[in-house]
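Just so it is clear, none of the values below were taken in a lab; they were calculated from the coordinates. Given the structure is predicted, the values throughout are model-derived calculations rather than measurements. As a convention, Cβ positions derive from the backbone with ideal geometry for all residues, glycine included, and neighbour counts pool all protein chains shown.
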Amino acid sequence: MKELDDIIQFENENTTLDFKAIQYKKNKFENFLKDVISMANSKSSDDKLIIIGVNHKANGKRDIIGINEDFVDEAGLRSSIFKHIHPPLSTKPIFLIKSKTIFYFYGNINQMLIF
């Protein structure tokens, strides 16, 4: 996988990369699940990555916002994945926190998932 700093600085959103300015809210995990399913259902064999705390603007510029509030419970996100996505993911999500930016990394997922 490419260096995360390079991905943030140079890559554009696509079927394997998504930037989110703010983190998913506890009462809005369905948005998180939809994003995971969308990436998992893509035909790409590349790693899938959701980066929270980066505002990717239409003109290509990025604002590193970071997370200015408590991190949403990682266990809750994992539980939502395993409870609501079928069949289960072929790889386990990895959560990385770097300078108040959260990376949800799914590895090489290439399978049809439903909510």
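The table below lists the values:
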{"item": "Simple spin-label estimate for Glu3 and His84 in nanometres, 7 Å along Cα-Cβ", "result": "3.6 nm"}
{"item": "Computed magnitude of the charge dipole of region 4-107 (debye, nearest 20; Cβ of K, R +1, Cβ of D, E -1)", "result": "260 debye"}
{"item": "Residues whose placed amide H lies under 5 Å from that of Lys20, excluding near-sequence neighbours", "result": "Ile51, Ile52, Gly53, Val54"}
{"item": "DSSP-defined antiparallel bridges as percent of all bridges, region 4-107, nearest 5", "result": "80 percent"}
{"item": "Estimated Rh, region 4-107: Kirkwood, alpha-carbon pairs, angstrom", "result": "14.0 Å"}
